[in-house]
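The values are calculated or read from the model by the stated rules, or taken from the named source; none is laboratory data. What you see is a predicted model; the values in this text were computed from it and never measured. Glycine gets a Cβ as well: all are built from the backbone with ideal geometry, and neighbour counts include every protein chain shown.
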Amino acid sequence: MQQRKVGKYPFSIDVEGAKPIEAVLVVGKTEGKTLVVTAGVHGDEYVAIQAVRELLNELQPQKLRGQIILVPIINKEGFYEGTYLVPEDGENLNRCFPGSKKKSVTWRMAHALERSLYPKADFLLDLHGGSPYETMTPLVFFPVGAGKKVQELTRNAAQKLSLSYMVQSYAKDGLYSWAAQCGVPAVLIERGGGGTWSRVETEACKENIYQIMSFLDIIPYNKQRQIPVEIQDAHYETAVSRGYWYYAKTSGTSFRTGELLGRLEGEDGCVQQEIYAPYNGVILYHTHSLGVTEGMPLMAYGKVCSK
């Protein structure tokens, strides 16, 4: 029998006509599941990037079962320039799945990630956070509509995480959501925001990774500080024009049917948009910027799932 090569092994994910994406394979002592952990799809979401950076130093391969593929910063140029876009072509990587070898660099990055990571993953964990203009409650998105097996497995995994909400998602064009469409169980965790990172959020993000590792029987981890509330019927509101944004409810707060959640005013003070609650629910995240442009996210909210 061939001896297992336990250890940490850096490797590159080649992107045609662009710089490769750096990754690390951590091989455990015994056979087991393969977890893929990605961060930095958006270069300005810092909690996840720092968490994976620290986790790389903390992990001890001899104590692991199976293996972990860690991708600390996918959009490295965006990280250094402080933007969620890929600077080379101005695209949002998380809107470029499925990828394409025939399009610009961001689409080729998506294609390379699919080709390199999806076939190896028993489970994929994509780490994100709120944009510099967003305030966010810690949450996890899990896919619905990607098949019963994927849905139930990811729901069970989400229930093991210490965070506020687990949100049913019908998205299909992101790194994790396209993985789910391809039959790979995957979830997306959101932590942090406002263009900052903190020691508390970084430690909480690492804890979430350990909880997924434990769920996959890669390493024991039995701590769970809170159980997430499941959210259905999530709504994502965007600005109909540029103007002044006044939010009436903040991230993590509840509301009742008919309540005003926020309004958008033009430069003349006339109301351009009002958002009223269609049901009783909670705010998942909101934009805290006063000035917004057309199409900019304003807030997301959802309904607590009744079981």
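When you check Glu81 against the structure, is it surrounded by 15 or more Cβ atoms within 10 Å (Cβ to Cβ) and more than 17 Å from Phe123 (Cα to Cα), yes or no? So Glu81 fails the test. Based on what the data block shows, is Arg95 closer than 26 Å to Tyr133 by Cα, of a type in the set (Lys, Arg) and surrounded by fewer than 17 Cβ atoms within 10 Å (Cβ to Cβ)? Against the criterion (closer than 26 Å to Tyr133 by Cα, of a type in the set (Lys, Arg) and surrounded by fewer than 17 Cβ atoms within 10 Å (Cβ to Cβ)), Arg95 qualifies. Within the stretch 46-84, being part of a loop (DSSP other than H, G, I, E, B) and among the aliphatic types (A, V, I, L, M) holds for Leu59, Leu64, Ile73, Ile74. When every residue of the stretch 160-167 is checked against the conditions, none turns out to be touching a His at 6+ places or on another chain (Cβ under 8 Å) and in contact (Cβ under 8 Å) with a residue 60 or more places away in the chain. Checking the stretch 29-36 against the condition returns a match, with at least one residue being acidic (Asp, Glu) and either more than 23 Å from Ser177 (Cβ to Cβ) or part of a helix (DSSP H, G or I) (or both).
Go through Tyr285, Tyr247, Tyr236 for me and flag whichever is out of contact with any Asp or Glu (no Cβ under 8 Å at 6 or more places or on another chain), in contact (Cβ under 8 Å) with a residue 40 or more places away in the chain and within 19 Å of Tyr84 (Cβ to Cβ).
Result: Tyr236 is the single residue among Tyr285, Tyr247, Tyr236 that is out of contact with any Asp or Glu (no Cβ under 8 Å at 6 or more places or on another chain), in contact (Cβ under 8 Å) with a residue 40 or more places away in the chain and within 19 Å of Tyr84 (Cβ to Cβ).
Residue-level check: of (1) in a loop (DSSP other than H, G, I, E, B); (2) crowded, with 18+ Cβ neighbours inside 10 Å; (3) in contact with a helix residue (DSSP H, G or I) (Cβ under 6 Å, 6 or more places away or on another chain), Glu16 misses just (2).
The number of residues in the stretch 84-118 being out of contact with any His (no Cβ under 8 Å at 6 or more places or on another chain) and hydroxyl-bearing (Ser, Thr, Tyr) comes to 4. Residues that are over 27 Å from Ser306 (Cα atoms), outside the structural domain of Ile68 (by TED's automatic domain parsing) and not β-branched (Val, Ile, Thr) do not occur anywhere in the stretch 219-230.
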